[in-house]
Amino acid sequence: MKSLFSPRKAALAAAIVAAFSLTACQAPAKKAEAPAAAAKPVDTSLTQRTLGDGLYEMAYSPAAKALYVASAQSFKDVNGGVIYRLDPTTLETKGVTHTDLKNFGTAIDEAGSVFYTTNSLDGAISKVDAQSGKVLERLVFPGKKDKEGYPAGAREVLWHGNELYVGRVADPGYISVVDVKTFKLKATIKNAGKWVTGIIYSPLTERIYATNGAGEILVINPRTHKIEKRWTAGDGKEYLFLNMAEDPATGRLFVTDDSKGKATLVFDERTGKVIKRIEGDALAIKFNAKRNEIYISQRESKKVLQLDATTYAVKNSWSFDNNPNSLLIGPDNNTLYVTLKAEFNKDSSTKGQDQIARIALK
C-alpha cells in the first residue's frame, strides 16, 4: 500500500512541525572538540527517559493522576500518532492510545476528566477521555484548503469555559471557536494575522491573548469573539511571536520569539507596552505564581532556564542532548515537565527518538 506521506506531504509535515516546534530553520552549530572531562555529578532532581517519536505538548489530569503526552509519531512513512499516558512521578508508561491522525497541541478542562489534542496536519481536533485515553469525539474543521488540498493547520488550543479556541496556521490566520458541549464549530475569529501561534486566557483582564507570526498580540473579547486591540513591540524590529505566560498579580505578559527576535518580551497589560526584554532564544514559557518563577525552553541552546520572576535573573538551568520543546508545570507547582526533540534529517526522519523529562524544582 502506498504511504499517505508523499514527498509533498512529508515536506508539508516538516514545515508544520517547524511552525509547531516554534523555531526557525537554522544550521546546526559546529561543536568544537573538547578535552576529556571528569564525569559530572548526577542531578537527582532530574528524571529523563526516551519515549518515542514526534512528542509535542503535555496535559496533566489530576482526576486520572496521569501525565498525557501528544505524539505525531514519525513523519517518514508512518501514518497516525500516539497519546501516551505516563506515571507523573516515574514517567513510566501506563497506557498507549494509537490514533489515525497525528497529535500536537493539548488543553485540559477544569475537572481534568477530558482533554483535547489538535491534529494539525488534518485541520482537526480530538476529545480524549482522561481516564482511559480513548478518543471520544473528533471535529474536522471546514474551511479553505490550499491548491494541494491541505487545510489550515490546527495548532494551539485553549480551553476556556464552555469553549475551545484553536489557532489556525494560515495567512491570514484565524481562530476557530468550538462549543465543548456540542463539539461543533461555534464561531470564527478572522483577520488574526499571519499564523496564529499561541493562545492564553487572562483572568486579570478577562481577555484572550493570541500571538501571531507578524509580531502581534491580539486582545480578544471572549464574550463577543472580537479582536479589540493589537499590541506590537513598537521598536521597529521584526518579530515572530510564539508562546505566552502571564503574571496576573502584576499585569505582566511574557512573550517568546525563537525566530526573528531571539528574546522574551515582557508586556505591561495595562498599557500594551514592552517593559522588559530578556535576550536569548526562547521557545515555550511558563509562569509559576507560587514560586514566583519563569521557565523558558531554549531549543537552539538545548537548555531549560529557571528565572526569578521579579529580577529576571537565572536561578538554575538544565542542559540536554536533545532540543527542549514544550513545558508543563505539575499541580504541586514544584515539578516541571519537558519534552525533548531529536533533530530532523533532510528526509524528514529523525536522528533518534524524543524524550520526556521531569524536573523536581528546588
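In a loop (DSSP other than H, G, I, E, B), among the hydrophobic types (A, V, I, L, M, F, W, C) and open to solvent by 30 Å² or more (accessible area, probe 1.4 Å): is that true of Val78 in this structure? The answer is yes for Val78.
Within the range 215-256, being surrounded by fewer than 21 Cβ atoms within 10 Å (Cβ to Cβ) and touching a Pro at 6+ places or on another chain (Cβ under 9 Å) holds for one residue alone: Pro248. When Tyr56, Tyr84, Tyr68, Tyr60 are checked against the criterion of being open to solvent by less than 70 Å² (accessible area, probe 1.4 Å), modelled with pLDDT of 90 or more and more than 15 Å from the chain's Cα centre (by Cα), a single residue qualifies: Tyr84. Scanning the range 72-89 for residues that are touching a residue at least 40 places away in the same chain (Cβ under 8 Å) and under 9 Å from Asp53 (Cβ atoms) gives Ala72, Ser74, Phe75, Val78.
Looking only at residues in the range 290-316 that are small (Gly, Ala, Ser) and under 20 Å from the mean Cα position of the chain (by Cα), which one is farthest from Ser71 (Cα to Cα)? Applying the filter and picking the extreme gives Ser301. Within the range 284-299, the set of residues being of a type in the set (A, V, I, L, M), open to solvent by less than 30 Å² (accessible area, probe 1.4 Å) and not in a strand (DSSP E or B) comprises Ala284 only. Here Glu300 meets the list (1) closer than 20 Å to Asp257 by Cβ; (2) at pLDDT 95 or above almost entirely, failing just condition (2).
For the range 173-204, the set of residues classified as closer than 26 Å to Thr271 by Cα and either of a type in the set (S, T, N, Q) or in a loop (DSSP other than H, G, I, E, B) (or both) consists of Gly173, Lys190, Asn191, Ala192, Gly193, Lys194, Trp195, Thr197, Ser202, Pro203, Leu204, listed by residue number.
Return yes or no: is Thr339 touching a strand residue (DSSP E or B) at 6+ places or on another chain (Cβ under 7 Å), modelled with pLDDT of 95 or more, closer than 17 Å to Ala72 by Cα and of a type in the set (S, T, N, Q)? Here the answer is yes, as Thr339 does meet what is asked.
Please specify each residue of the range 139-164 satisfying the condition of being aliphatic (A, V, I, L, M) and either farther than 14 Å from Ser120 by Cβ or crowded, with 20+ Cβ neighbours inside 10 Å (or both).
Within the range 139-164, Leu139, Ala152, Ala154, Val157, Leu158, Leu164 meet the criteria.
If we scan the range 274-281, do we find a residue that is open to solvent by less than 20 Å² (accessible area, probe 1.4 Å), farther than 19 Å from Val166 by Cα and either of a type outside the set (A, V, I, L, M) or assigned to a strand (DSSP E or B) (or both)?
yes
Would you be able to say whether some residue in the range 247-257 is among the acidic types (Asp, Glu) and under 21 Å from Gly161 (Cβ atoms)? There is no residue in the range 247-257 that is among the acidic types (Asp, Glu) and under 21 Å from Gly161 (Cβ atoms). Pairs are defined by a Cβ separation below 6 Å, a sequence spacing of at least 6 or placement on different chains, a first member in the range 114-142 that is at pLDDT below 95, and a second member that is among the hydroxyl-bearing types (Ser, Thr, Tyr) and assigned to a loop (DSSP other than H, G, I, E, B); the pairs so defined are Ala130/Ser113.
Between Lys362, Lys351, the distinction of being basic (Lys, Arg), open to solvent by 30 Å² or more (accessible area, probe 1.4 Å) and in contact (Cβ under 8 Å) with a residue 40 or more places away in the chain belongs to Lys362 only.
The values are calculated or read from the model by the stated rules, or taken from the named source; none is laboratory data. None of these values were measured; they are calculated from a predicted model. Neighbour counts are summed over all protein chains in view; Cβ atoms, including those assigned to glycine, are modelled from backbone coordinates with ideal geometry. When the accessible area is computed, the model is the full protein with side chains, heavy atoms only, and any ligands, DNA or RNA have been set aside. Shrake-Rupley method; radii C 1.70, N 1.55, O 1.52, S 1.80 Å.
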